[in-house]
Amino acid sequence: MDVHAHGGPLGDVEAPAWKLPWWLRLLDKSVTALSTCFFLYTQSSGVAYFGSGAIACMLVVKIIKKMIRQERPVMQRPGKKKKKTYGMPSTHSTTITYYATYILLASVYLPIHHTLPQSSITRILPPLVVVPWATVIALSRIWLGHHTLSQVSAGCTLGFGFAWFWFYQWTSGLNRYGLEVEQMWHSLLASRNDSLKGI
């Protein structure tokens with residue numbers, strides 16, 4: 001087990017390597033998995049566009065980080081190694097805010113996909129889940145010592161703005177092309193299934 005020494009009243013004490021709480025690790029890692037499962041279930045061009053926006057948002061943050069080059073907080077939890085990348089803005093905070101904002105906008109303004117229940121619950125439930133989820137993940141970046149408040153705030157602001165921009169592009173015409181692509185995909189799948197049945 002990795003240990004790190006720190007001073008104390010009795011001299012140097014070996015502190016065990018700090019581990020991320022399981023529930024926070026679950027919240028963090030399940031975002032991508034749930035997004036992938038949701039796309040595979042719906043096979044929606046809108047969901048694919050949403051996912052590509054998350055990737056684009058993350059790449060934008062990486063570029064901005066290298067331009068600003070602001071260090072992460074000096075204070076770290078005992079037994080925890082300091083991250084070597086820059087901290088301004090927070091990538092986690094940016095991306096998860098993009099997720100929460102885009103899902104909220106989609107729930108309010110977009111039609112419900114035909115693979116989902118045509119109910120008001122389909123519009124209400126996603127924001128009720130994802131907004132608190134995103135808030136916990138963003139605040140955890142400060143609690144874990146990975147980012148300062150200003151770095152997380154900048155990340156949330158960037159993610160919020162990027163989500164609005166990406167959503168506007170979709171509703172301004174890209175959704176029509178997305179629908180055509182989705183229809184072509186379903187036609188190909190139908191043709192393939194018909195061919196398999198004929199074998």
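The values are calculated or read from the model by the stated rules, or taken from the named source; none is laboratory data. Source: prediction; values computed, not measured. Here the Cβ is made from the backbone with ideal geometry for all residues, glycine too, and neighbour counts use every protein chain on show. These area figures cover heavy atoms from the full protein model, side chains too; ligands, DNA and RNA do not enter into them. Shrake-Rupley method; radii C 1.70, N 1.55, O 1.52, S 1.80 Å.
Annotations for the structure displayed:
- If the condition is being under 15 Å from Pro89 (Cα atoms) and open to solvent by less than 10 Å² (accessible area, probe 1.4 Å), then the stretch 47-61 contributes Cys57, Val61.
- Filter pass, Ala163 being crowded, with 20+ Cβ neighbours inside 10 Å, over 15 Å from the mean Cα position of the chain (by Cα) and under 26 Å from Val60 (Cβ atoms): no
- Total residues in the stretch 42-63, condition among the aliphatic types (A, V, I, L, M), in contact with a helix residue (DSSP H, G or I) (Cβ under 8 Å, 6 or more places away or on another chain) and over 12 Å from Gly159 (Cβ atoms): 2
Okay, residues lined up against (1) at negative phi; (2) hydroxyl-bearing (Ser, Thr, Tyr); (3) assigned to a helix (DSSP H, G or I); (4) buried (at least 16 other Cβ atoms within 10 Å of the Cβ):
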{"site": "Thr94", "(1), (2), (3), (4)": "yes, yes, yes, yes"}
{"site": "Thr101", "(1), (2), (3), (4)": "yes, yes, yes, yes"}
{"site": "Leu105", "(1), (2), (3), (4)": "yes, no, yes, yes"}
{"site": "Pro111", "(1), (2), (3), (4)": "yes, no, no, no"}
{"site": "Ile121", "(1), (2), (3), (4)": "yes, no, yes, no"}
{"site": "Val130", "(1), (2), (3), (4)": "yes, no, yes, yes"}
{"site": "Trp133", "(1), (2), (3), (4)": "yes, no, yes, yes"}
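- Being surrounded by fewer than 18 Cβ atoms within 10 Å (Cβ to Cβ), modelled with pLDDT under 90 and in a helix (DSSP H, G or I) is not true of Lys80.
- Some residue of the stretch 144-151 being open to solvent by less than 60 Å² (accessible area, probe 1.4 Å), in a helix (DSSP H, G or I) and either in contact with a strand residue (DSSP E or B) (Cβ under 6 Å, 6 or more places away or on another chain) or closer than 18 Å to Ile64 by Cα (or both): yes
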